[in-house]
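First comes the structure, then the notes that go with it.
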Amino acid sequence: MSTFTDPKTIGKPVRPRRHVRTLTGYLPETDAQGKEKWPRGDEKAWKDNMRDVDKDVPAITKSFVSHVQTSLARQPYNLDTLGAYQAAALSVRDNLLVNWNETALQYTRRAPKRAYYLSLEFLMGRTLDNALLNLDLKQPYAQATQKLGFNIEDILEKERDAALGNGGLGRLAACYLDSSASQELPVWGYGLRYKYGIFQQLISPEGNQLEAPDPWLDNQNPWELPRLDVAYEVRFYGNAERVRDENGNTTDRAQWTGGQEVLAVAYDVMIPGSYTRTTNNLRLWESKPKRGFDLNSFNAGNYEGAVESSNSAAAITSVLYPNDSTGFGKELRLKQQYFWTAASLADILRRFKNIGKPIQEFPDYVAVQLNDTHPTLAIPELMRILLDDEELPWDAAWQIVTNTFFYTNHTVLPEALEKWPVPLMEHLLPRHMQIIYDINLFFLQSVEKKFPGDRDRLGRMSLIEEGFPKQVRMAFLACIGSRKVNGVAELHSELVKTTILKDFVEFEGVSKFGNVTNGITPRRWLDQCNPELSALISSTLKVDKSVWLKDLYQLEKLLPYAEDAAFREKWAAIKQRNKERLAHHVETTLGLTINTHAMFDVQIKRLHEYKRQTLNILGVIHRYLTLKNMSKEEREKVNPRVVFFAGKAAPAYYIAKLTIRLIVNVARIINADADTKDLLSLYFLPDYSVSLAEVLIPASDISQHISTAGTEASGTSNMKFCLNGGLLLGTVDGANIEIAEEVGESNVFFFGHLTPAVEDLRYQHTYHPVPIEEKCPALAHVLNQVSAGLFGDAEVYEPLLNTIRQGDHYLLSDDFDSYIAALAMVDEAYLDRTEWVKKSIRTSAKMGKFSSDRAINEYAESYWNIEAQHIS
Ligand SMILES: *Cc1c(COP(=O)(O)O)cnc(C)c1O
């Protein structure tokens, strides 16, 4: 119960105000003739002094120097490269704001249907380079800063990544924002402004992952605009009292009172489109205490008690949960989810109300995409607003809700499906729990009608899972509360329909369930990270990059050049320089020297058993043991290979952390073995991030995407590598399948069992286990060498090895032999370098489908029903 008192309001009644204050109503008035009236002051005085985007070197130089002088209060004498980054960023931000402001104004005037992308994660990476490229201002900025004594590439390196995400799901959200703006679509993102993003990964001398906080806001963040004028109150706990009708019967409505109230304050991040004025918005919420302090405690001399509310409110957005596909149940996480969905919906509703349409038309103006189940509370929250605040009848409210939301599923792994204990929900969100029970009641009544007497079905489909405690099944709530549901690659979308949501397909009809294969933005993942390749493509196609970067199917025109020796030479030379760039990066950051004439073999992604980094490291050990057994002459024929790993493990994921430890210790031994080190070396690069990916991906000859079939929903790093001419070694899983369809099976290396076999194989492991020595002697030998202490710490790895020896849920023993065979095929293919480069060119050329522009246009047309708005 809130006892906080604001001294300014003592003696006055405190009226509840949900929406605290915001800018509204900047639409122009018209005179009697319908002509727009200038809103204030002298029109010419305004217009003569409003700035446009800087375009030339003198204007940019002036703006840069002005920010050094005033915003930073520095001099040429004491300006370091970090200061130069800050000045450049502030100057670019001014340009972004001009476009961002104009975009917002034109959206408001035209009031088109808008889409909102709700994601608990946005893994944005760096902004400056991306903004310069999208605005087509990189050259003039490079020239301006050069003249002032700075190198633009050094300046770019000073920026810290915005790492408000764990991995693929958060990076997908970032790619979709880039594509929405580039396709001129009225799409805004909504997320949380975590004070600490994903942890920084350190590796101890023993090879253990250590986690350090990521203070990304320490040097200030020029890419956000604090909007202290945009704030909403959000309630937690308290009581929900059903409203009674005149006969004393309870109704669908309730009053939710008491509890704790906190403030959500907006921070806006500008999202520039590529070669367009359109600059969309990513609105991130920060939590603040509603009132500064409790005067009663203050008077009693209890200063700490007085500021306590401030501590607990601020905690809500203090840190991103570092879980990837697992680990739920934390009250603070549920608080984050509600805080964010409540603030976002309040903001969306306020914007809708400004256009003055009846509430029934809400879904004609608003589409809300739920990125996974994290924002599912938006469904009961919108019901609460419509029932309790707008006083709509249940059916009318449900009609609006189910036409507003769209749900993207990202996993079919049962352990990764979000569930929340009913007692926790009842405590934290009593009104929402009532609504969820009501939704469930009406829903199960309709299921019963369609399938009379099918009790099993009702139990399977209930939003509430029986047990101790009972749990709310968020994926089911997201499904029945949405207009459409989609998976993120063809195979995954089929699995959604045939496994976790099978009953729902039978009940609601298959047309509600679709697929939108993920994509990546070619701006960041080709033009920005691989400028030489981008330039070669433009000059070869004789098409400006502003065209083909937004129409990636044009890359197909590269296909004939695979037969052109001069082109192949240029293509291969760029790959070589990218390998040297990576080697230079590793040399300067880690002090390690890398053989750039070796094949670069890369696996970079979150550490997870289903992604099977363990299969890769065991394959490396197998290769090492094989090399050790060879004669000198035999070794001379072997193609040198450098293997790179990078990725973070969730801090509580013991097996994943052991895998990192094994990789680091295998590296320690084999990189020091004079017999083999020229032929095989291994690096675990710490602290995987978007910026590290941008250096690794263009340098890769082959990358590995080797999940157990049916477990990786899509994957997006597979697309990034292929776009940059790296070949793919993978299982028949996720988007690997569609990549192979596009580039042709002869240009990828596939291995392993297929999805339909997985269930049977697991059954065999459980009920008819075969000793690993019998089933896969090669793997058994590798495991035994690890157990025997070849890489130190003999007993340490047993829990990891035992996941394979017993149960082997991810089927390493079933796929190991075909994996080793596939690696051998890669080696053989690499020996014919001409053919390899042809494969590389053909791969890039056929990646058009995997632009996130294609994906976002599918959402816009087939899901959201929104249209592009050209900003003049
Ligand atoms: C693309 C990307 C991912 C996703 O990688 P997958 O291999 O598809 O899991 C994760 N982290 C970062 C930093 C990325 O850029």
Which is farthest toward the positive dipole end of the chain among Ser63, Ser287, Ile856, measuring Cα position about the Cα centre, with Cβ charges +1 (Lys, Arg) and -1 (Asp, Glu)? Ser63
Summed residue charge, Cβ within 12 Å of Leu377's Cβ, Lys/Arg positive, Asp/Glu negative: +2
Ignoring everything but the protein chains, give the 1.4 Å probe accessible area of Ser287 in square angstrom, nearest 10. 10
Counting only DSSP beta bridges fully inside the chain, the antiparallel percentage to nearest 5 is 50
Restricting to DSSP H runs of at least four residues, report the calculated mean residue ellipticity at 222 nm for the chain, -39500 (n - 2.57) per run over all residues, nearest 500 deg cm²/dmol. -13500 deg cm²/dmol
Anisotropy class of region 525-642 from Cα gyration tensor, a/c 1.5 cut: prolate
Using a basic spin-label model with each label point 7 Å from the Cα along Cα→Cβ, how many nm lie between Val243 and His809? 4.7
Ignoring ligands, DNA and RNA, what accessible area per residue does region 562-850 give at 1.4 Å, in Å²? 36
Carbon plus sulfur fraction of accessible area for the chain, probe 1.4 Å, in percent: 51
Would you mind checking the radius of gyration and Dmax of region 562-850 based on alpha-carbon positions, in Å? 18.4, 58
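Before anything else, pin down the relative contact order of the chain: Cα pairs under 8 Å, at least 6 apart, normalised by residue count, whole percent.
Relative contact order comes out at 13 percent.
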Positive end of the dipole of the chain, charges at C-beta (+1 Lys, Arg; -1 Asp, Glu), about the Cα centre: which of Tyr365, Ala794, Pro322 has its Cα farthest in that direction? Tyr365
Answer in debye to the nearest 20: the dipole magnitude of region 323-416 about its Cα centre, from +1 Lys/Arg and -1 Asp/Glu charges placed on Cβ, is 260
Obtain the nm distance between the two label points defined at Glu867 and Glu29 by a simple spin-label model: each point lies 7 Å from its Cα along the Cα-to-C-beta direction. 3.1
Among 591-602, 339-350, how do they line up from the highest to the lowest mean number of other beta-carbon atoms within 10 Å? 339-350, 591-602
Take each of the peptides 748-758, 29-39, 726-736, average the number of other beta-carbon atoms within 10 Å over its residues, and list them starting from the highest. 726-736, 748-758, 29-39
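Give the peptides 575-584, 714-723 in descending order of average Cβ contacts within 10 Å, highest first.
Output ranking for 575-584, 714-723: 714-723, 575-584.
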Global geometry of region 671-781, whether rounded, prolate or oblate, following the gyration tensor of its Cα atoms and the 1.5 cut on a/c: oblate
Filter on Lys557/Lys720; Lys47/Lys113; Lys37/Lys62; Lys419/Lys502; Lys158/Lys720; Lys637/Lys838 - keep pairs with C-alpha separation over 27 Å: Lys47/Lys113; Lys37/Lys62
If R0 = 45 Å, then Glu556 and Leu210, at their Cβ-Cβ distance, give a FRET efficiency to the nearest 0.05 of 0.45
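Grab the beta carbon distance between Leu458 and Val510, set R0 = 22 Å, and tell me the FRET efficiency rounded to 0.05.
With R0 = 22 Å, the Cβ-Cβ based efficiency is 0.55.
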Just want the answer: with Cβ charges of +1 for Lys and Arg and -1 for Asp and Glu, which residue in Gln764, Leu625, Val265 is farthest toward the dipole's positive end in the chain? Val265
Compute, for the chain, the length of the dipole vector about the Cα centre, with Cβ point charges of +1 (Lys, Arg) and -1 (Asp, Glu) only. Units Debye, rounded to 20. 1900
For the chain, the Kirkwood Rh over every pair of distinct alpha carbons, in Å, works out to 29.2
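The values are calculated or read from the model by the stated rules, or taken from the named source; none is laboratory data. Predicted model, so just to flag it, every value in this text is computed and none were measured. Every residue, glycine as well, gets a Cβ built from its backbone with ideal geometry; the counts of neighbours run over all protein chains shown. For accessibility, only protein heavy atoms count, side chains too; no ligands or nucleic acids. Shrake-Rupley method; radii C 1.70, N 1.55, O 1.52, S 1.80 Å.
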